[in-house]
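Scroll down for the structure; my scribbles are underneath it.
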Amino acid sequence: AQRVTQPEKLLSVFKGAPVELKCNYSYSGSPELFWYVQYSRQRLQLLLRHISRESIKGFTADLNKGETSFHLKKPFAQEEDSAMYYCALTGANNLFFGTGTRLTVIP
Amino acid sequence: GAGVSQSPRYKVAKRGQDVALRCDPISGHVSLFWYQQALGQGPEFLTYFQNEAQLDKSGLPSDRFFAERPEGSVSTLKIQRTQQEDSAVYLCASSLGAGDSYNEQFFGPGTRLTVL
């Protein structure tokens, strides 16, 4: 069965500090993994996907199949990074989301 | 360009009432998804349409939930005889192609349903 686990509901870091949002998954097959973000009073939007191997707004995420993880990282957090972050994996026709981590960047 | 829109944005219903939630996807998007997001949880899949065909409704929690997309564009999620456990934000998303992993889903602002 598909499952996405985000162990931290809340995460606070100081501006300029590194940040890592954890995501572990279980999936029978080769998953496609995503990070979605929801800024205050905005709609849910795609941040990045593993297949693109891209860096968006300074964030990167590496798929580790051995550890079944897809942690989101940024070396220097900014205040505008404060938001709700959801890790998701795709099944055949839909997305499975984790419960989300609320990141607060303290000025 | 216009994104996915949903109406109403907020809905309060008395237990036992029927409600209808509307989703206008991005023009030309083939795929449409409905998700339910309870407080403190991530979105959970309800159903998926490819054009007017409902290809997956495995996430609908009971037969009180019904969704349609008759002309392959606007979709309506209907909940009959609402219960308190139906209180949640209902999210609609659309994507350009078929609902496979390579297509980004664009989300609407959601409809917050409160059942009293």
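Bear in mind these aren't lab numbers, they're just calculated from the coordinates by the rules spelled out. Model, not experiment: these values are computed from the prediction. Don't worry about glycine lacking a Cβ; one is built from the backbone with ideal geometry, like all the others, and counts go over all protein chains shown.
Using a Gaussian network model of chain B in which every pair of alpha carbons under 10 angstrom is joined by a spring, one finds that among B:97, B:28, B:42 the greatest mean-square fluctuation is at B:42.
For chain A, build the charge dipole from Cβ charges (+1 Lys, Arg; -1 Asp, Glu) around the Cα centre, then report which of A:12, A:63, A:95 sits farthest towards its positive end. After comparing all options, I get A:95.
May I ask you to list the lysines whose Cα is less than 28 Å away from that of residue B:11, ignoring any residue fewer than eight positions away on the same chain? Of all the lysines, those that pass the test against residue B:11 - Cα under 28 Å, at least 8 places apart if same chain - are A:9, B:57, B:78.
Structure remark: mean-square fluctuation, Gaussian network model of chain B, C-alpha springs under 10 Å; the largest value among B:77, B:55, B:96 belongs to B:55. Go ahead and set up a Gaussian network model of chain A, Cα springs under 10 Å, then flag whichever of A:80, A:20, A:32 fluctuates most. Evaluated over chain A, the most mobile residue of the options is A:80.
The tail of the calculated P(r) for the range B:10-111, taken as Cα-Cα distances beyond 21 Å, holds 28 percent of the pairs. Separation of the range B:77-116 from the range B:1-53 is 3 Å, based on Cα centroids.
Pairs of alpha carbons in the protein assembly as shown separated by more than 31 Å make up 21% of all such pairs. Under 23 Å of direct C-alpha separation, and excluding same-chain neighbours fewer than eight residues apart, residue A:15 reaches these lysines: A:57, A:73, A:74.
State to the nearest 20 debye the size of the charge dipole of the protein assembly as shown about its Cα centre, where the only charges are +1 on K and R beta carbons and -1 on D and E beta carbons.
600 debye
Computed from point charges on the beta carbon alone (+1 for Lys and Arg, -1 for Asp and Glu), the dipole magnitude for chain B about its Cα centre is near 560 Debye.
Starting from the coordinates of the alpha-carbon atoms of chain A, obtain the Kirkwood hydrodynamic radius over all distinct pairs and give the value in Å to one decimal.
About 13.8 Å for chain A.
Computed about its Cα centre, the charge dipole of the range A:21-101 is approximately 80 debye, with only Lys, Arg, Asp and Glu carrying charge at their Cβ. Using the Cβ-Cβ distance between residue A:104 and residue B:52 with R0 = 30 Å, the FRET efficiency computed as 1/(1 + (r/R0)^6) comes to roughly 0.10.
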